[in-house]
1. Report the label-to-label distance for residue 35 and residue 148 in nanometres (one decimal), using points 7 Å from each Cα along the Cα→Cβ vector.
2. I need to check one value: relative contact order of region 92-147, counting alpha carbon pairs closer than 8 Å and at least 6 residues apart, in percent.
3. Over the Cα atoms of region 97-188, how large are the radius of gyration and the largest Cα-Cα distance (Dmax), in Å?
4. Given bins 5 angstrom wide, list per bin the percent of all Cα-Cα distances in region 19-172, short to long.
5. Sort 41-48, 28-35, 168-175, 148-155 for me by packing, meaning the mean count of neighbouring Cβ atoms within 10 Å per residue, highest on top.
6. Listing 60, 180 from the residue with the fewest other Cβ atoms within 10 Å to the one with the most, what is the order?
7. Can you give the relative contact order of region 24-180 as a percent, counting alpha carbon pairs under 8 Å and 6+ residues apart?
8. If I model a spin label as a point 7 Å beyond the Cα along the Cα-Cβ vector, how far apart are those points for residue 133 and residue 162 in nm?
């Protein structure tokens, strides 16, 4: 197994990060508690990397591979993770406030207690994701696939969605979404 060479000085006191790591191979790298705020990591391979409690606000991770990455307690607020692969990533307790997750793959991601307030999850794949106790206040779920995700009606209520949002069979679109249920779409016989 090959471990990526870290592009910085490894001493904790003198951590200097390259400002541009576009398409860098950092798979399986250990970046615990590292400050990568506003670093360009577009298209980078961070699969199976350990980014536990790292600081990545405003980081550009468009189309990055973060599959099976360890990201518990990581600050990804206002980061751009559009089209990123976060399948099977551990994002427990992560700060994803106002994060761009447009069309991101979050298949089987652990988002337990993650703060997704104001996050853009339009057309994201959240199938089999665990959103237990996640904060979804003002999260945009339009077109997202939550059909096999774990979450409750109460957790879903503060989010925004539309008729294209795929929900588990036991959940209903919140009233403020303005989505008609199958029962509401049926025309009563008396009005024909």
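Every number here is computed from the coordinates shown, using simple stated rules; none is lab data. Quick caveat, the model's predicted, so the values are computed rather than measured. Backbone-built Cβ (ideal geometry, glycine too); neighbour counts: all protein chains shown.
1. Computed distance between label sites residue 35 and residue 148 equals 4.2 nm.
2. In percent, rounded to a whole number, it is 35.
3. Reported Rg and Dmax, both Å: 12.5, 43.
4. 3, 12, 20, 29, 18, 11, 6, 2, 0, 0
5. On the way: 41-48: 21.9, 28-35: 17.8, 168-175: 12.4, 148-155: 16.2.
Taking the mean over residues of other Cβ atoms within 10 Å, the ranking is 41-48, 28-35, 148-155, 168-175.
6. 180, 60
7. Relative contact order, region 24-180: 13 percent.
8. A separation of 3.3 nm, rounded to one decimal place.
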